[in-house]
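Each reported figure results from applying straightforward, stated rules to the coordinates on display, with no laboratory input. Source: prediction; values computed, not measured. Don't worry about glycine lacking a Cβ; one is built from the backbone with ideal geometry, like all the others, and counts go over all protein chains shown.
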Amino acid sequence: MSNYPDLQNQVAIITGASRGIGLAIAQGLVDNGMRVCLTARNDENLQKVVQEFPTGTAIGVAGKADDPEHREVVLDRVAEEFGRLDVLINNAGINPVYGPLRELDLGAAEKVFGVNVISTLAWVQATLNDQRLKFEENKGRILNLSSVTSETPSPGIGLYGISKAAVSHLTRTLAAELGPNVRVNAVSPAVIKTNFAKALYEGKEQEITEQYPMKTLGRPEDVAGAAAFLVSEASSWITGNIFNVDGGLSVAGGTA
């Protein structure tokens, strides 16, 4: 995936990056010459992942995405190790509830919005306010993870879709506010074959893929390819865009 030489020696933070989409994005950026700081909740798993990267290209800082102290530690490490920041990837997200909204536990709803929406904004604020990283001076790029469920209600995961609709609108609003120095986009995947999405396809993959014009589910690498494009100079005139990576699901009228 080494297609964007302008990314050479730049630095990215990727939240929720010890597996799945976040890890694939990190690998794609390193393939393009970037250095990365990965975050995730489980330190043991995170450090194992970091050791698989070429020496000097990756560090890992464990913690919860919605923890303000964790954000401070991450930014401190990035400033110490790399001395700059060019790209922020807000990938961390949760979906601990399943079922109709009328039965939804409101405490769980607050947690989903706290991680998926509020912490996304908090990472942006913290990055912009840390003068050591020179994020705006470096023409920083922010990439958020939305979902096709933000546009089309999907059975059982309504709240997740609502939170991702908020992420999409947050992305557009930030793009309008932060240009021209900072570009802000989002990728909006359909079902990607990860542990996170397993409940949506396990045991019924053939039935699910029939909805997709491409007749297959997505891979983390599919999202990573779009991410690398959206943070590179190849997309230098693109901001406020919600970039579907969905195998054609949205045009076929299917649901996740």
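Tabulated data for the structure shown
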{"quantity": "The range 16-74 and the range 181-256: distance between their alpha carbon centers, rounded to Å", "calculated": "21 Å"}
{"quantity": "Lys, Arg +1 and Asp, Glu -1 on Cβ, resulting dipole of the range 121-228 about Cα centre, debye, nearest 20", "calculated": "200 debye"}
{"quantity": "Hits among aspartates and glutamates - C-alpha to C-alpha of LYS164 under 12 Å, sequence gap 8 or more where chains match", "calculated": "GLU151"}
{"quantity": "Rounded to the nearest 20 debye, dipole of the range 5-252 from Cβ charges on Lys, Arg, Asp, Glu", "calculated": "180 debye"}
{"quantity": "Packing-based order for 50-60, 229-239, 28-38, using average beta carbon neighbours within 10 Å, highest first", "calculated": "28-38, 229-239, 50-60"}
{"quantity": "Stokes-Einstein D in µm²/s, Kirkwood radius over Cα pairs - the range 91-141 at 20 °C with 1.002 mPa s viscosity", "calculated": "165 µm²/s"}
{"quantity": "Dipole of the range 131-208, positive direction: furthest Cα of VAL148, ALA176, VAL191, with charges on the beta-carbon", "calculated": "ALA176"}
{"quantity": "Set of aspartates and glutamates with alpha-carbon distance to LYS193 below 19 Å, sequence-local pairs under 8 removed", "calculated": "GLU202, GLU205, GLU207, GLU210, GLU221, ASP222, ASP246"}
{"quantity": "Positive dipole terminus of the chain, leading residue within GLY247, ALA108, TYR201 (C-beta point charges)", "calculated": "GLY247"}
{"quantity": "Mean separation of Cα contacts under 8 Å (6+ apart) over length of the range 1-98, as relative contact order %", "calculated": "33 percent"}
{"quantity": "Mean Cα-pair separation over length for the chain, i.e. relative contact order, pairs under 8 Å, 6 or more apart, %", "calculated": "20 percent"}
{"quantity": "Distant-in-sequence amide H partners of GLY16 (H built 1.01 Å from N, under 5 Å)", "calculated": "THR39, ALA40, ALA92"}
{"quantity": "Contour minus Cα-Cα distance for GLN125 and LYS198 (0.36 nm per residue)", "calculated": "23.1 nm"}
{"quantity": "Length gained when the stretch GLU44-HIS169 is fully extended (0.36 nm per residue, less Cα-Cα span)", "calculated": "41.5 nm"}
{"quantity": "Rounded FRET efficiency, nearest 0.05, which uses the C-beta distance separating GLU52 from GLU207 and R0 of 45 Å", "calculated": "0.85"}
